[in-house]
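Notes follow once the structure below has been shown.
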Amino acid sequence: MLMPAISILIGLVILVWSADRFVAGAAATAKNSGMSPLLIGLTIVSFGTSAPEIIVSLTASVNGAGSLAIGNALGSNIANIGLVLGITALIAPLPVKSAVLRKEIPLLLAITLLAGYTLYDLHLSLVDGILLTIALVVALYLFNQFQKGGTAEDQIADDSEDIPDMSMAKSLFWLFFGLALLVISSRMLVWGAVEVATAFGVSELVIGLTIVAIGTSLPELAASVASALKNHHDIALGNVVGSNIFNLAAVMAIPGFIEPISIEAIAFNRDYMMMLGITIALLIFCIIQRPPRVSRWEGGLLTAAYGGYMYTLYSASL
């Protein structure tokens, strides 16, 4: 028990520190390259913080456990909105720019619906994997078009004064070094938590659906909270939206390419529908507020919904 406890403690300390450095590097890179913080959040940050999910998906698929990859992708997306965005909004309410409401969030909803189409027959095939990969390519292209067609509101503007003044070399160093530490520290936390949970007799099912999903979402949580505290709201929200798109279009596509699999009906009826529902809730929350934002009470609702989902998983495993 000593080593797992030490792993959790050290992992947490490194996670918090590296998230701060990572966000600083990402914001400075955006400023130096002329890109908006939103685009950085939707691409570099979201892809980087999805690395744990990608690693888990690839490893599970190669070892013939593709269903674990599906569960991790769905569970991580639920955690990203319910836990990551919920807690981030509780700490600092997130303003949502009109372009995000009109473009990025609807794009996430569209890819979420496409993922549902691929899972509806309870089988993820090579064709499904190709469809999801095409969706990823289209999303990256659209991100670039959104950036080109953005107005002054969508650019660095109000966040620029809070972005660190770094050279390109230094900002890239902290971007990639911080990312590496985020991934390593999240794995330390997951390993330690699994060891502690096992020692206390928690079932493997509960561990997989909770600790693994939450653990692989820790980089998103750390990066989003750090971004919100630094007033880089575009990176915080863009990170969650982008990560969820990557999880569905990249992470979930992996089993289809390596070994097509069948999934349990409950994975669609319970887990996918929960992911779809919480994604729609995010869109509704943004629409009903004027100006658009995710307020503290809405963050509380998202967090409560995630807590209820965790309780449902726990009850079903008893």
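Computed from the coordinates by the stated procedures, all read-outs in this text should not be read as laboratory data. These numbers come from a predicted model, not from an experiment. All Cβ positions, even for glycine, are placed from backbone atoms using ideal geometry, and neighbour counts span all protein chains on display.
Structure values in brief
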| read-out | value |
| --- | --- |
| Relative contact order of the chain, defined on C-alpha pairs under 8 angstrom at six or more residues apart (%) | 45 percent |
| Phi to ³J(HN,Hα) by Karplus 6.51 cos²θ - 1.76 cosθ + 1.60 over segment 194-200, Hz, x for Gly, Pro | 4, 4, 5, 4, 4, 5, 8 |
| For segment 199-303, fraction of C-alpha pairs farther apart than 25 Å, in % | 33 percent |
| Long-range amide H partners of H123 with built H, under 5 Å | I263 |
| Table column - 3J(HN,Hα) (Hz), segment 274-282, Karplus curve with 6.51, -1.76, 1.60, x for Gly and Pro | 5, 5, 5, x, 6, 5, 5, 4, 4 |
| Across K103/K148; K148/K230; K103/K170; K31/K230, pairs whose alpha-carbon gap is larger than 21 Å | K148/K230; K103/K170 |
| Charge dipole magnitude, Cβ of K and R +1, D and E -1 - the chain, Cα centre, debye nearest 20 | 360 debye |
| Segment 12-121: relative contact order in percent, alpha carbon pairs under 8 Å with at least 6 residues between | 11 percent |
| Relative packing of 82-92, 266-276, which averages over residues the other C-beta atoms within 10 Å, highest first | 82-92, 266-276 |
| Once the Cα gyration tensor of segment 233-283 is diagonalised, semi-axes √(5λ) in Å | 24, 17, 5 |
| Residues I258, I130 arranged by fewest to most Cβ contacts within 10 Å | I130, I258 |
| Enclosed volume per residue, in Å³, of the convex hull spanned by Cα atoms of the chain | 120 Å³ |
| Under 5 Å, built H, 5+ apart or other chain: amide partners of V294 | L94, V96 |
